[in-house]
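Input: a single structure, listed below in structure tokens.
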Amino acid sequence: MKLARIRHQGRPRAVVVEDGTYALLPEAFTDLSAVVAGGEDALTEVGRALRTAERVPADDSVLLAPLSRFNRDILCTGWNYLDHFYEGVGLREGQEVELPKRPTFFTKGPDTVIGPHAPIAFDPDVSAKWDYEAEVVIVIGQDGRSIPEERAWEHVFGFCVANDVSQRDLQRAHGGQWLKGKSIDRTMPLGPWITTVDEVEDPYDLRITCDLNGERMQDASTAQMAFGFERLIAELSWGMTLRAGDVLLTGTPSGIGNAREPAVFLKDGDELVTRVSGLGELRNRVAATVLT
Ligand code: MG
């Protein structure tokens, strides 16, 4: 099942994405967090509601981020594709490290989240080095602490797509941290919907691409992940409870702008298209925006 949120008659509504239509779910489902946390029972209820649901024609432009309320920061993985780790060697400005033996984690503020077709709030006064990072996202569906790898999938509700838009100068300017260069308001498209885990035949056969103004900048398979989904869940949950509704970005492959020669950074008017096979597409304009 593909679950999305749309703006319908001025209000957010939860929908099931079907071929060419969106099936509107009752208002009680409007925040998908309850469906995500509700597991099989909630999905059964959604299935029941579908029998009589009103259908509207599918229209990308009304899609909202599938989740709007978060337990905490967006959870993220760094350097999870070896080619991406190696492309950055020598470019980390005093933050050089050995190839990690365990996954690298960090977080982004939830105010970064925007819809799958919303403008990326670009402000050149905030940063001079805006970069893109196409990523597969896991949505946690069941609370768990110290989850063993063999039980990891029991805790996953589904998948979606994100672009971990980053400000490289802010990543470096505030000591050995990434939070600041990853948390600029309204910069991370998430969506276009949540694809439930049962619909993904092989999570290690997903193709991730990122196009900037029509040019392919990133192109990889989840088969190239250094640490697989199960390992990420096991390591991150070690002694630290993951909760239903938590969102975990699983890392970006090579091809980022900062590692190019010459470097490529996002600018006003650019179009960023982030796709994962079977999970959908984000299409976002980089748009000069001054937030107050
Ligand atoms: Mg990233």
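The values are calculated or read from the model by the stated rules, or taken from the named source; none is laboratory data. Owing to the predicted nature of the structure, the values given are computational and were not obtained by experimental measurement. Positions of Cβ are backbone-derived with ideal geometry, glycine not excepted, and every protein chain shown enters the neighbour counts. Quick note on the areas: whole protein, heavy atoms, side chains included, nothing else; ligands and nucleic acids left out. Shrake-Rupley method; radii C 1.70, N 1.55, O 1.52, S 1.80 Å.
Observations on the structure shown:
- Those residues of the stretch 1-52 which are in contact (Cβ under 8 Å) with a residue 60 or more places away in the chain and assigned to a strand (DSSP E or B), in sequence order: Lys2, Leu3, Ala4, Arg5, Val17
- Here Val97 meets each of (1) farther than 21 Å from Val197 by Cα; (2) touching a strand residue (DSSP E or B) at 6+ places or on another chain (Cβ under 8 Å); (3) aliphatic (A, V, I, L, M) with one exception, condition (2).
- Out of Leu282, Leu291, Leu236, Leu248, sole residue that is at pLDDT 95 or above and either over 14 Å from the mean Cα position of the chain (by Cα) or among the acidic types (Asp, Glu) (or both): Leu236
- Filter result for Met217 (within 15 Å of the ligand (Cβ to nearest atom), open to solvent by 10 Å² or more (accessible area, probe 1.4 Å) and touching a Cys at 6+ places or on another chain (Cβ under 7 Å)): yes
- Exactly one residue out of Ile184, Ile208 is within 13 Å of the chain's Cα centre (by Cα) and not basic (Lys, Arg), and it is Ile208.
- Within the stretch 100-116, being part of a loop (DSSP other than H, G, I, E, B) and surrounded by fewer than 19 Cβ atoms within 10 Å (Cβ to Cβ) holds for Pro100, Lys101, Arg102, Gly109.
- The set of residues in the stretch 129-181 being more than 15 Å from the ligand (Cβ to nearest atom), of a type in the set (A, V, I, L, M, F, W, C) and not in a strand (DSSP E or B) consists of Ile147, Ala152, Trp153, Ala173.
- Filter pass, Arg55 being more than 20 Å from Gln167 (Cβ to Cβ), touching a helix residue (DSSP H, G or I) at 6+ places or on another chain (Cβ under 9 Å) and either among the β-branched types (Val, Ile, Thr) or more than 14 Å from the ligand (Cβ to nearest atom) (or both): no
- Selection status of Val126, assigned to a strand (DSSP E or B) and either within 14 Å of the ligand (Cβ to nearest atom) or more than 14 Å from the chain's Cα centre (by Cα) (or both): no
- Within the stretch 182-201, tally of residues that are within 16 Å of the ligand (Cβ to nearest atom) and buried (at least 22 other Cβ atoms within 10 Å of the Cβ): 6
- Residue in the stretch 99-123 that is nearest to the ligand (Cβ to nearest atom), counting only those that are over 18 Å from the mean Cα position of the chain (by Cα) and within 21 Å of Leu272 (Cα to Cα): Phe122
- Filtered residue count, the stretch 237-292, keeping only those that are more than 30 Å from Arg151 (Cα to Cα), polar (S, T, N, Q) and open to solvent by 10 Å² or more (accessible area, probe 1.4 Å): 3
- Residue in the stretch 155-164 that is more than 30 Å from Gly90 (Cα to Cα), open to solvent by less than 30 Å² (accessible area, probe 1.4 Å) and of a type in the set (Val, Ile, Thr) present: yes
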